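Nothing in this text is a laboratory measurement; each read-out follows from the coordinates by a stated rule. All values derive from a computational prediction rather than experimental measurement. Every residue, glycine among them, receives a Cβ derived from its backbone with ideal geometry; neighbour counts consider all protein chains shown.
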Amino acid sequence: MSALLGAGVAIGFGTPVLAQTTTSYSITHGFSFSVGGNTTPLVRGFHGGSAFAFSPYAFPFWSSSSYGHSYTISPPVPSLPFIHTHSTSAAIGTASANANSTVGITTIGVGTVSGFINASGTATVQKRGEVACAGSYAGVTARQRIRSPFGGVIWGPRFAWDFVSGGGCAIRKDPIKFTVTDPDTGEILNSGQFLDITNTGDGTVNWDDDSLDFAISDGTFSIDLNSPFIPDNQRGTLSLKVQGGIITDSQDSGIFDGYLPAIGSSGTFSVSGSNFKPDLTFDYNLGDFGKDVDLEITADGGAIPVPESSTMNPLSLGVLGLIFLGGKRFWRSSSKK
């Protein structure tokens, strides 16, 4: 079971001196995960993060830092709770960024693991031409050898995304995936995705124990919990699109039916009440492969800063291009660890 990551980007435009522009994200997921079997699963954690700041007003003009690694948590089972935290930061001129990630394991038992992950960060600029961005992820993967892969997942999203309109946006994804591998040959026998949460655009989205709150000016939000390996009564989809503060597409089904307002409604609203599900709970059954196989459940996420090109000056656009290319190499190398 594993992780999510987030990203923030702030870009200064307009007059040479601006009021402070800050973007931020804080994403926490609690999870309880069952992989079956009669032993404790192999549990691994992973972290990654990067911070970048650029200012044309201060030599040497930019500052950057990053981290990324993976590690075995169990076996043997460590002293619990197990908490592992990383952070990094960058600052130049009046541009600054920081990125943080935490893995927490609360229980490890026969075929089970539970805990939480957190990814958070901020990016701040105060002058025209400055750029700051931050991104981070944290995660846990559970692996078990079993003949008939089936079990259950409790995924408790808790996040706060705040992206200032005109100051940039980001794509944030949180998939939960599975892979079944032949332990003798290494052949992948089956793979797919149970859940995907995607958010793009400008505005704020907050998910806590009591409600799911939106204040989106331009952007999208979607949940896809529609895998054929999940029972019909536990599936659902949700899709929201907002333009100019008004909902232009609104679709919900299954367990999310009735969540969203109608097209033409305001992009600022809350989902709460008896039908709101603060935790996403579902079972899965991947069938019998006729032999022991290795089941791995993992959620790896990514968030790519995406500036609003219509307001970019050429210098900032070039810098963000370098950030994007470097970020692609960073996420790719981290995912192989």
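Phi angles of region 189-194 translate, via the Karplus equation with coefficients 6.51, -1.76, 1.60 and θ = phi - 60°, into HN-Hα couplings of 8, 6, 7, x, 9, 8 Hz per residue; Gly and Pro are given as x.
Over region 191-273, the pair-distance histogram of Cα-Cα distances with 10 Å bins from zero comes to 18, 50, 26, 6 percent, rounded to whole numbers. If eta is 1.306 mPa s and T is 10 °C, what Stokes-Einstein diffusion coefficient results for region 23-125, Kirkwood Rh from Cα pairs, in µm²/s? Diffusion coefficient, whole number: 103 µm²/s. Scaling the Cα radius of gyration of region 100-150 by the globular reference 2.2 N^0.38 Å produces a ratio of 1.88. Ordering of 71-83, 283-295 by packing is 283-295, 71-83, highest average first (other Cβ atoms within 10 Å, averaged per residue). Summary of packing: across the peptides 122-128, 221-227, 259-265, the per-residue average of other C-beta atoms within 10 Å ranks them, highest first, as 122-128, 221-227, 259-265.
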